[in-house]
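Remarks on the structure that follows.
The values are calculated or read from the model by the stated rules, or taken from the named source; none is laboratory data. All values reported here derive from a predicted model rather than from experimental measurement. Neighbour counts are summed over all protein chains in view; Cβ atoms, including those assigned to glycine, are modelled from backbone coordinates with ideal geometry.
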């Protein structure tokens, strides 16, 4: 089992380069960054995490820019989106950005993807919430074509382009792992069809995690990697998750100034 951190990097917390160095120095394997392009002032969609939307949701840096800064000052740390809101991004541009991150990091990029929850936010990008899962599917499939084909093309309901050249290609063969976020009734369908792994959140429809992981791997006919967000800082829980078949646990890191973050990471590293 490996250990990583998931967080929101903002303009008023620790800088991404300093965070990347601190994680690698303490033996963490990965850094995953959340994404919100913006938060509409008029909010209607309930936040899944509770009542009031926390401040850091409003102030996130672009995750791919921040991950590039972290990758530039580290040698082993995996740098991943956790998650990238693919339904709010142009797939041709996104394919280039993630491939570029994989190139400059020497093959350490992880592409965590999801459809998001904030309907006002996605509508500002021209995305209809009711069809966002179909849109997610097509954009991920199109990105894989752009990564793996010299002359890539895609023709779907939402994504449509004739043969194009798209470079750079990723360093990883065949491409960075595509980790599917969520734990809804159709999540496993997406993992089996176009995902390389599963990234649920601890405590959100994961009460029978061992059975879920077994079911997923049987359906896929392969050992699907599982990365779990929001794992409590409890050795007993970590051991239970190891026994359930989880490959990587991610501890939530609060968005704090650098000194406070480093002190917290020192305590968190005791679990490694």
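Per-structure values
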read-out	value
Test result for residue 121, surrounded by fewer than 17 Cβ atoms within 10 Å (Cβ to Cβ) and more than 22 Å from residue 148 (Cα to Cα)	no
Residue within segment 116-130 that is on the phi < 0 side of the Ramachandran plot, within 19 Å of the chain's Cα centre (by Cα) and not in a helix (DSSP H, G or I) present	yes
The listed residue being surrounded by 20 or more Cβ atoms within 10 Å (Cβ to Cβ), part of a strand (DSSP E or B), modelled with pLDDT of 95 or more and over 18 Å from the mean Cα position of the chain (by Cα), out of 111, 154, 161	154
Matching residues, segment 189-208, being out of contact with any strand residue (DSSP E or B) (no Cβ under 8 Å at 6 or more places or on another chain) and at pLDDT 95 or above	189, 192, 193, 208
Failed item in (1) surrounded by 14 or more Cβ atoms within 10 Å (Cβ to Cβ); (2) assigned to a strand (DSSP E or B), with residue 138 passing the rest	(2)
Any hit, segment 30-51, residues being touching a residue at least 12 places away in the same chain (Cβ under 8 Å) and over 20 Å from residue 117 (Cβ atoms)	yes
Residue, surrounded by the fewest Cβ atoms within 10 Å (Cβ to Cβ), within segment 73-94, restricted to residues that are within 20 Å of residue 227 (Cβ to Cβ) and out of contact with any helix residue (DSSP H, G or I) (no Cβ under 7 Å at 6 or more places or on another chain)	78
Residue match in segment 39-46 (condition: in contact with a strand residue (DSSP E or B) (Cβ under 8 Å, 6 or more places away or on another chain) and surrounded by 14 or more Cβ atoms within 10 Å (Cβ to Cβ))	no
